[in-house]
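Visitor: A single structure is presented below for examination.
No lab work stands behind these numbers, since they all come straight from the coordinates. Keep in mind that this is a model prediction, so the values were computed, not measured. When we count neighbours, we look across all protein chains shown, and the Cβ atoms used for this are built from the backbone with ideal geometry, even at glycine.
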Amino acid sequence: MGLVWGAVWWFWYRNEPAEHASVNAAEVELIRQGIEDEAATESKVPYIQVVTSANVLLAMFQYAASNITFFISMTWLAPYIGETWGNEYRYLASVPLLCGAVALWLSGYAVTYLHKKGVQVMSRRLPAMIGYALGAIGLLMCTQTAGSDSVWLFIACFSLATFGVEMTLSPSWHSAWTSVAPVPERFRRR
């Protein structure tokens with residue numbers, strides 16, 4: 001498959017649009033003009049304001065929390081389940097990730113619904129606050145299952161934690177597109 005894609009890439013893609021046989025002179029000029037216009041409107045990013053922004057720091061905390069539970073699910077969870085409850089239960093390591101996927105979908109829906117209702121700030125904060133609360137409760141409950149004979153209790157607690165933490169991603173994506181980087185008019189829905 002890689003060789004096929006490599007062959008397609010070799011014959012189709014070029015370094016410059018003008019080098020491609022299917023690009024006409026008008027398209028080349030349009031592309032060049034767009035590049036010149038973009039270069040003329042560049043602005044300097046005030047990095048000190050970015051790294052000292054409370055919103056950016058909160059987003060960094062959110063991504064760290066999300067990544068920790070994700071990487072625990074991807075690397076540590078299956079071996080832990082196998083060592084603690086037996087290898088026949090290792091497949092249950094996928095359940096928290098499935099719960100996380102559902103949480104992403106549900107929180108995305110909640111953000112959109114609340115935003116359309118006119119509560120723009122709460123459309124981001126409420127799903128994130130609920131998500132962090134569920135994540136903290138789930139992780140604290142996981143600490144109480146160490147001596148349990150039931151893998152299902154641990155999976156339920158860790159799934160709750162993953163569900164909660166993944167709920168925070170949709171609000172952060174929404175914030176990035178509506179607050180940090182305003183969407184250009186040509187990309188807005190009409």
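Visitor: Taking the Cα centre of the chain as origin and charging only Cβ (+1 Lys, Arg; -1 Asp, Glu), how large is the dipole, in debye to the nearest 20?
Guide: 760 debye
Visitor: Using 10 Å bins from zero, what percent of all Cα-Cα pairs in region 2-42 falls into each bin?
Guide: Values per bin, smallest distances first: 27, 36, 27, 11, 0.
Visitor: Grab the DSSP H runs of the chain that are 4 residues or longer, score each as -39,500 (n - 2.57), total them, divide by all residues and round the 222 nm result to the nearest 500 deg cm²/dmol.
Guide: Computed mean residue ellipticity for the chain: -22000 deg cm²/dmol.
Visitor: Can you give the direction-averaged projected area of the convex hull of the alpha-carbon atoms in region 1-80, in nm²?
Guide: Mean projected area of the Cα convex hull: 10.8 nm².
Visitor: Measuring from centroid to centroid over Cα atoms, what is the spacing of region 117-176 and region 85-115 in Å?
Guide: Each part reduced to its Cα centre gives a spacing of 10 Å.
Visitor: Stick to the Cα atoms of the chain, pair each with every other, and give me the Kirkwood hydrodynamic radius in Å at one decimal.
Guide: Evaluated over the chain, this radius sits at 20.5 Å.
Visitor: Set the Förster radius R0 to 41 Å, insert the Cβ-Cβ distance between residue 68 and residue 14 as r into 1/(1 + (r/R0)^6), and round the FRET efficiency to 0.05.
Guide: 0.45
Visitor: Compute the length gained on full extension between residue 61 and residue 125: take 0.36 nm times their separation in residues and subtract their Cα-Cα distance, giving the result in nm to one decimal.
Guide: Full extension of this stretch gives 21.6 nm more.
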